Structure formats: C-alpha cells, structure tokens
Amino acid sequence: MFGRIKKEINAVFERDPAAKGVIEVLLCYPGLHAILLHRVAHKLYQKKFYVVARFLSQFSRFLTGIEIHPGAKIGEGLFIDHGSGVVIGETAEVGDNVTIYQGVTLGGTGKEKGKRHPTIGNNVVISSGAKVLGSFTVGDNVKIGAGSVVLKSVPSDCTVVGVPGRIVIRDGQKIDSAYVPDLRHDQLPDPIADMLSQMQDQIASMERKMRELEQQYCQRREKAEGAEG
C-alpha cells in the first residue's frame, strides 16, 4: 500500500513543477486524494460492498470535485491535475502513467449494459475539457487536445484534436518507448487551420494563374489589333 502511495506522490512531482514538498502534495492535491480514496472504494466494490463503495466515491466527489466510479479500473501513476469536473465512468479502464486535466469525462453512451466506457492506454495525456465517450480503446502514448470529443478508437502514438476528434500522426513517427512525460498539450496540430491554410494557398495560386492568363489575352489582343492597323 505504501509503495503504491509513493508512486502516486512521485507522479505528482514528475508532472507538476508547482509541487514543493511531500506534505504539500499530501494535504493540497485533490487529484491525489481522489485516487487514494478510489483505491479503497474499488476494493470494496470488488468485494460487492456496492453501497459502501458508492458512498465513499460520492464522499470523495464532495471533497475533491472529482467523480470516479468505484468500478473503474485505474492503473499506477495516474496524475489528475487540478481535477475539478473530472468524471470517470464505471467500466472505464485507465492505464499506467496517464495524465488527466480538469473537466475531462471518460463517459458512456446510451443505456446499454456491460462495457460502455473507454479503455485508456499507458502514457496518455488528456487535456482540459476533453470528452472520451463510448466503449473503445485509446492506445498508448496518445495526446488528446483540450475540448476534443473522441468517439472512436485511437491507435497508439497519435494526437487527437477537434470535435469530433481527428487523428494526427506526430510527424509520421512513433514516440520512443521509454516513457518521458510530454505535457505540452498547448502545442497540438490543428487540422482545420491547416486545411484553411491550404485553401488560401490554392486560391492565391489560382489568382496568379488568372492574372497570367489575362496578361496573355491582353498581349494577344494588342498584337491582333496592331496587325489589323
């Protein structure tokens, strides 16, 4: 138990430069509180103490503003930064070394029974306000941009942005298998902006060709008029 708590604390120091000391992290980080309380609630849920587990999860929500269903499976090294408004559903599965920012939802769709929430791989960064909805898998080393809505599976080593989420392969290359936290979720590709930029370039190219054709037409007309005169 103490080894796992140490790993959770180390995850905070690894990914939050504002963390100054262990006492501060233990007392002032709601993401850590929510994870530790979830560990207890999840054990109770597995032993079929459903009401007690749900009560503990709701108590955790009251304290931290983070709602993690006791049935959710959470890996090691999860870091929830700030955390207010984070919701993780009952059948969600979260891998190791995942970073989640405030306002993120790992939710389901419809009223179907069984697996209805996403499975998140290892070393994933889910930025502020992102929604991952449905029963599918998000691979390892994935970044999900702020405000994105992900509705289908995402392969490993990708970046997802937009509504609905669009996949952008990072330079066509896979990330190094040795995990180094990459938290620069403010520097993500924008496929819509790229498309608009391409359209502007095409319009500028067409305008240049139109001017060239007009010049050629005027030159031919002048030559024809000169010949007639």
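Every number here is computed from the coordinates shown, using simple stated rules; none is lab data. This structure is a prediction, so every number in the text was calculated from the model and none was measured. Every residue, glycine as well, gets a Cβ built from its backbone with ideal geometry; the counts of neighbours run over all protein chains shown.
Below are the figures for this structure:
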{"item": "Mean Cα-pair separation over length for segment 2-188, i.e. relative contact order, pairs under 8 Å, 6 or more apart, %", "result": "12 percent"}
{"item": "Helix runs (DSSP H) in the chain reaching 18 Å along axis by Cα, Kyte-Doolittle at least -1.0", "result": "2-15, 30-46, 50-64"}
{"item": "Vicinal HN-Hα couplings computed from phi for segment 104-115 (Karplus, 6.51 cos²θ - 1.76 cosθ + 1.60; Hz; Gly/Pro x)", "result": "7, 10, 9, x, x, 10, x, 10, 5, 8, x, 5"}
{"item": "Trypsin sites (Lys or Arg not before Pro) within segment 47-127: DSSP coil, no more than 10 neighbouring Cβ in 10 Å", "result": "Lys47, Lys48, Lys111, Lys113"}
{"item": "Estimated FRET transfer efficiency when R0 is 41 angstrom, pair Phe136-Val52 (beta carbons, to 0.05)", "result": "0.85"}
{"item": "Cβ-derived FRET efficiency at R0 25 Å, Ser128 paired with Lys43, nearest 0.05", "result": "0.25"}
{"item": "Amide proton proximity set for Gly134, modelled H, under 5 Å, gap of 5+", "result": "Gly107, Gly108, Thr109"}
{"item": "Inter-label distance, nm, simple model (7 Å from Cα along the C-beta direction), Glu207/Ser153", "result": "4.5 nm"}
{"item": "Across Lys143/Lys209; Lys20/Lys48; Lys6/Lys48, pairs whose alpha-carbon gap is larger than 32 Å", "result": "Lys143/Lys209; Lys20/Lys48"}
{"item": "16 Å Cα-Cα reach of Lys43 towards lysines, excluding residues that sit fewer than 8 places from it in its own chain", "result": "Lys73"}
{"item": "Using alpha carbons only: equivalent-ellipsoid semi-axes of segment 2-188, gyration tensor based, whole Å", "result": "25, 21, 14"}
{"item": "Viscosity 1.567 mPa s, 4 °C: Kirkwood-radius Stokes-Einstein D of segment 190-229 over Cα pairs, µm²/s", "result": "106 µm²/s"}
{"item": "Compactness of segment 78-141 - radius of gyration and Dmax, Cα, Å", "result": "11.0, 31"}
{"item": "Förster radius 45 Å - calculated FRET efficiency between Leu26 and Asp194 (Cβ-Cβ, nearest 0.05)", "result": "0.55"}
{"item": "Potential extension, Ala146-Arg61 segment - 0.36 nm per residue separation minus Cα distance", "result": "28.3 nm"}
{"item": "Helix-only [θ]222 nm of the chain, DSSP H runs n ≥ 4, -39500 (n - 2.57) each, per residue, nearest 500", "result": "-13500 deg cm²/dmol"}
{"item": "Linear extension gain, Glu76 paired with Gln215, 0.36 nm per residue minus alpha-carbon span", "result": "43.2 nm"}
